[in-house]
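Enquirer: My questions all concern the structure below.
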Amino acid sequence: ATKKVLEETKPEGYAACCAAVRDFDFRGQVSEIRVPTLAIAGTHDPATPPADLRSLAEHISGARYAEIAGAHLCNIEDASHFTAEVNAFLEA
């Protein structure tokens, strides 16, 4: 299902979304986040590397960091571990 969605996505739209994410720098504001936060990184994600997610979690008071197998789509690549992390976070 995910592959089909990606295949049917217009390249121009996908590229524009990627550029918007790339260009949005919110690092100066993350310390203002005051809600429970879970930052999940894929061990082999070149787009959002674990170090970036770890840093994000370190700058949000009380945030939890988790790293799981996989890359950028670790919620699909290691779905059971991803789901377990989210469930543990929601139950805490």
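Enquirer: Using a 1.4 angstrom probe, figure out how much accessible area the chain has per residue, in square angstrom, rounded to the nearest whole.
Expert: Dividing the accessible area of the chain by its residue count gives 73 Å².
Enquirer: Across segment 67-72, in residue order, what do the Karplus-derived ³J(HN,Hα) couplings come to in whole Hz, using 6.51 cos²θ - 1.76 cosθ + 1.60 with θ = phi - 60° and x for Gly and Pro?
Expert: Running phi through 6.51 cos²θ - 1.76 cosθ + 1.60 with θ = phi - 60° gives 10, 10, 4, x, 10, 6 Hz.
Enquirer: So if each residue of separation counts as 0.36 nm, and I subtract the Cα-Cα distance between VAL21 and THR2, what length gain in nm does that give?
Expert: Going from the current span to full extension adds 4.8 nm.
Enquirer: Taking H as built 1.01 Å from N, whose amide H comes closer than 5 Å to the amide H of GLU67, not counting residues under 5 places away?
Expert: ALA41
Enquirer: Moving to a separate point now. In debye, nearest 20: dipole of the chain around its Cα centre with unit charges on the Cβ of K, R (+) and D, E (-)?
Expert: With Lys and Arg at +1 and Asp and Glu at -1, about 120 debye.
Enquirer: Here is a further query. In deg cm²/dmol, rounded to 500, what helix-only [θ] at 222 nm does the chain give when every DSSP H run of at least 4 residues adds -39500 (n - 2.57) and the total is split over its residues?
Expert: Result for the chain: -14000 deg cm²/dmol, rounded to the nearest 500.
Enquirer: Using every Cα-Cα pair within the chain, state what percent have a distance larger than 24 Å.
Expert: 30
Enquirer: Compare the Cα positions of THR83, THR37, PRO11 along the charge dipole of the chain (+1 at Cβ of Lys, Arg; -1 at Cβ of Asp, Glu; about the Cα centre) and return the one farthest towards the positive end.
Expert: THR37
The values are calculated or read from the model by the stated rules, or taken from the named source; none is laboratory data. None of the values given here were measured: they were computed from a predicted structure. Every residue, glycine among them, receives a Cβ derived from its backbone with ideal geometry; neighbour counts consider all protein chains shown. For accessibility, only protein heavy atoms count, side chains too; no ligands or nucleic acids. Shrake-Rupley method; radii C 1.70, N 1.55, O 1.52, S 1.80 Å.
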